[in-house]
Every structure is written in C-alpha cells, then in structure tokens.
Amino acid sequence: MPQTTIPNIQSSTPVIGCQQVTNGSPDSTAKVYFTKHIDAEHLIELYKRINQEIQGKVAIKLHTGEQHGPNILPRKMVKTFQAQVPESTIVETNTLYKGDRYTTEQHLETLKVNGWTFCPVDIMDAEGTVNLPVQGGQHFQEISMGKTIVNYDSMVVLTHFKGHAMGGFGGSMKNIAIGCADGRIGKQQVHGVSDVSLPWDQWPGKEQLMEQMAESAKAVCDFFGKHICFINVMRRMSVDCDCAGLSAAEPTIPDIGIVASTDILAIDQASVDLVFSMTHEENHDLVERIQSRHGLRQLSYMNELGMGKKQYELISID
C-alpha cells in the first residue's frame, strides 16, 4: 500500500484525550515522533528518541499473533530492532479465547510457526499470576497480570496499530492492557465478562471495556514508572486485531508510518488523529470500526486517569 506524508491533523479530528499543538511548552506538551518509513532503520532511529529511561532487563511487549496471521509485524524488522535493545526479551501472555495461544504449549508452537525464534520469548503467565494495583481506578483496585512481569526493569511497548473487533482500535494501551493480563483471570477481569462461554456479542463492551482496559494499562504504566516507552507501527491496519489470524479482514486504509513516545495517551491520540485525518475513501472502514465500538473512550478515559499530557507535538524525523 502507498505511504502518506504527515498531514495537518489539528482541525480534522475530534479532541478526545489530548490535542495536537505546535511549539507547545516543553513542560506541558508530550513529544510524539513520526516517520513515514516503515523499516528497521527508522524504527531504531525513533527508539533512540525515547529510550533514555530504558535500562536493566527489558521486556518488549509485542503481539505475536495467531498462526500465519497476515498482518503481524515483520519478523525481520523486529529481529533487527530487538538486537539493538540490550538484555531484552519479547513478552506475551496466553489468551482468554480458545485459539492458537490458549495454552502455553499451543502458544510455544505458534511462536515457532510465526517465526518468533530469534530471541527469548517469555509467556509471562506460564507459571502463574501476580496482582498489580490500579491507582485511582473506578472499576478495579488491582489487576491480575502474568507473573513474570515483575522480573523486568523496563518495558518497550512495540505495537501493531490496527482495528479491533471489540475495542475499536488496538494501540499501545490495548497492547499492555490485555496483552499483559494473564489469560484466565486478568483478561476476564478486563473484559468484564462473568461467563466466558457466552457469545462475544453478549460480552460487555463499549465504554465499560474501554475504561477497564485503560485501568489495566495504568497498572502496567505505574509499575514501570518512567521506565516504559511506546511505539505504534501503522501498517496493514485491518479493522480486525491480529488475534483474528487468517480470518482478519484485508486492510483498506493505506499504511501511514511509525510513531513513538514516552506518553501512552499522546501516542494513541496521535495515531487515531493520523487515521481520522485521511480522506473518507481511505479511512472509512477503520473509522467506522473505531466509532461503532466507542473506541475513542480509550483516549478520554486515559485523560481522566491522568495517564498522559493534554497536548502533544508531532515531530517528523524524515
């Protein structure tokens, strides 16, 4: 798909969690770095802009996808990137739904099938869970996470930004909110479902799901403090998550590029703004998915929880 240049997004998208500004005050404005080039070289260059507090044992939170998923991040690009992050391990958790990653054994086989074999991969809930506190949440006081999350000093959240069947979109927040929660307890907490055997259309969604995801993500962000950063890769953005595997809808929106920030609200807001700023012909499928699932509540609730700054500056490195 053709890539686009960075557009003027200030007047074309709704202000939900934070607003793009130009030359804002450094103390009150988050920096979001952007490149239209989707390759390892530019991914690494963006990372250098945001990795000042990444130290010690590093977890790279990645959605490794169902078997043969057509939209997951390119393994070669991730391999080159991971090699530049000392003491790093890709981390994942098992799934709540029964698929290729439901059990640890299935998950390990899927990692092999999908080519995630070039570095250690830690399935964090393989041997149990740990509760992380949720500060200031309305829905939770604590969330159950994969046990080994506490073994890491820092986290790099490397996200394939795309649509999502229930969340509307999956950005950095969704990656850690659901992706760090363990497969049995935590993911059921985040989805707010009492009986996982119910059809998906009977699961709570819309505002409740968005708010519960944000609180789960806040627990992860609070645990790592300043030792966490975020990268969204905006390529092959199907309306479906990589959880859908081979059944994911073919992307209809052009690739945009890569964004990176130390601010989780700003990076997801900027990513949504970049999507909304495209023409109706280009973005209507993904925008409809986001709006119909009330996905923008992800952003406004992160703002209410104080998870990021109210203004961001989009800085191109190209």
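The values are calculated or read from the model by the stated rules, or taken from the named source; none is laboratory data. All figures in this text were calculated on a predicted structure; none of them were measured in a lab. All Cβ positions, glycine included, derive from the backbone under ideal geometry; neighbour counts span all protein chains shown.
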Self-check item: Single unsatisfied condition, Asp222 versus (1) out of contact with any Leu (no Cβ under 8 Å at 6 or more places or on another chain); (2) surrounded by fewer than 17 Cβ atoms within 10 Å (Cβ to Cβ)
Solution: (1)
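Which one of Ala165, Ala217 is crowded, with 21+ Cβ neighbours inside 10 Å, out of contact with any strand residue (DSSP E or B) (no Cβ under 6 Å at 6 or more places or on another chain) and hydrophobic (A, V, I, L, M, F, W, C)? Write out each step before concluding.
Working: Ala165 fails: crowded, with 21+ Cβ neighbours inside 10 Å.
Within the list Ala165, Ala217, the selection yields Ala217.
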Quiz prompt | Test for Ser271: is it under 18 Å from the mean Cα position of the chain (by Cα) and of a type in the set (Ser, Thr, Tyr) | solution = yes
Quiz item: Of the residues in segment 188-229, how many are in a helix (DSSP H, G or I) and not charged (D, E, K, R)?
Solution: 19
Practice problem: Return the total of residues in segment 230-276 being over 20 Å from Ala214 (Cβ atoms), of a type outside the set (A, V, I, L, M) and part of a loop (DSSP other than H, G, I, E, B). | Solution: 9
Quiz item: Considering segment 29-79 alone, what residues qualify as being assigned to a loop (DSSP other than H, G, I, E, B), of a type in the set (S, T, N, Q) and in contact (Cβ under 8 Å) with a residue 24 or more places away in the chain?
Solution: Asn51, Gln55, Thr64, Gln67, Asn71
Quiz item: Do you know which of the residues in segment 282-299 that are under 16 Å from the mean Cα position of the chain (by Cα) and not hydrophobic (A, V, I, L, M, F, W, C) is surrounded by the most Cβ atoms within 10 Å (Cβ to Cβ)?
Solution: Gln298
Exercise. Provide a single number: the residues in segment 86-106 that are touching a residue at least 24 places away in the same chain (Cβ under 8 Å), more than 25 Å from Glu53 (Cβ to Cβ) and not polar (S, T, N, Q).
Key: 6
Exercise. May I ask you to verify whether Ala270 is farther than 16 Å from Ile176 by Cβ, in contact with a strand residue (DSSP E or B) (Cβ under 6 Å, 6 or more places away or on another chain), at pLDDT 95 or above and not basic (Lys, Arg)?
Key: yes
Quiz item: Quick one: how many residues across segment 129-165 are farther than 25 Å from Cys241 by Cα, of a type in the set (Gly, Ala, Ser) and assigned to a strand (DSSP E or B)?
Solution: 1
Quiz item: Is segment 71-81 home to any residue that is more than 17 Å from Phe230 (Cα to Cα), surrounded by 16 or more Cβ atoms within 10 Å (Cβ to Cβ), more than 18 Å from the chain's Cα centre (by Cα) and not hydroxyl-bearing (Ser, Thr, Tyr)?
Solution: no
Practice problem: Inspect segment 278-298 for any residue being among the polar types (S, T, N, Q), in contact with a Phe, Trp or Tyr (Cβ under 6 Å, 6 or more places away or on another chain) and assigned to a helix (DSSP H, G or I) and give the result as yes or no. | Solution: no
Quiz item: Going through segment 166-187 one residue at a time, which ones are under 10 Å from Ala217 (Cβ atoms) and not in a loop (DSSP other than H, G, I, E, B)?
Solution: Ser172, Met173, Lys174, Asn175, Ile176, Ala177, Ala181
Quiz item: Can you name every residue in segment 20-44 that is surrounded by fewer than 17 Cβ atoms within 10 Å (Cβ to Cβ), within 25 Å of Arg297 (Cβ to Cβ) and either at pLDDT below 70 or not hydroxyl-bearing (Ser, Thr, Tyr) (or both)?
Solution: Val21
Self-check item: Every residue from segment 107-123 that is touching a residue at least 40 places away in the same chain (Cβ under 8 Å), assigned to a helix (DSSP H, G or I) and surrounded by 19 or more Cβ atoms within 10 Å (Cβ to Cβ)
Solution: Thr110, Leu111
